[in-house]
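A.B. asks: Starting off with a structure, shown below.
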Amino acid sequence: MSREQAYMRMLNAAANIEWNVAMILEAKAVEAEKMRNWLINHVTSDAFADHESQVKQPIGVHEHVLETIEGLTKLNRGLTGVLKAVLGGNEDDGGNFGGLFDGKFDFEDR
């Protein structure tokens with residue numbers, strides 16, 4: 001298999017992963033909307049014994065959201081590594097497709 005074919009397979013795999021991430025995010029958005037509606041309708045100040053327990057419930061929900069975002073961030077960093085491998089090669093090995101992408105993409109972590 002040539003280097004170009006390997007790069008194209010890497011890009012195709014990255015595109016498939018991104019599509020799957022988009023499907024996950026869509027499902028998470030639907031789930032979050034259902035949770036929001038349930039919380040608005042069922043979780044009121046009357047449902048808690050004290051203010052401390054009333055604050056703990058939303059903090060738990062936010063922790064789950066943050067874990068999801070952290071996982072997706074790690075996944076996207078991995079995908080960035082794939083794109084760096086494909087697009088960030090030096091000109092001698094043809095890794096940047098003959099200079100086609102020179103200076104057009106900045107994949108450095110900010």
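A.B. asks: What does the extension gain come out to for Ile40 and Glu63, with contour length at 0.36 nm per residue minus their alpha carbon separation?
C.D. replies: On the way: separation 23, 0.36 × 23 = 8.28 nm, distance 1.85 nm.
Full extension of this stretch gives 6.4 nm more.
A.B. asks: All other residues with a Cβ under 11 Å from the Cβ of Lys56 taken together, and with Lys, Arg as +1 and Asp, Glu as -1, what is their net charge?
C.D. replies: Around Lys56, the surrounding residues sum to -3.
A.B. asks: For region 3-93, what is Rg from Cα atoms divided by 2.2 N^0.38 Å, rounded to two decimals?
C.D. replies: Values: Rg = 20.6 Å, N = 91, 2.2 N^0.38 = 12.2 Å.
Ratio of Rg to 2.2 N^0.38 Å for region 3-93: 1.69.
A.B. asks: Follow-up. Using the beta-carbon distance between Lys28 and Met8 and R0 = 35 Å, what value does 1/(1 + (r/R0)^6) give for FRET efficiency, to the nearest 0.05? Let's see the in-between values first.
C.D. replies: Working: r = 30 Å, r/R0 = 0.86.
Approximately 0.70, to the nearest 0.05.
Just so you know, all these numbers are worked out from the coordinates, no wet-lab data involved. Keep in mind the model is a prediction, meaning the values are calculated, not measured. Positions of Cβ are generated from backbone atoms using ideal geometry, with glycine treated the same way; all protein chains shown enter the neighbour counts.
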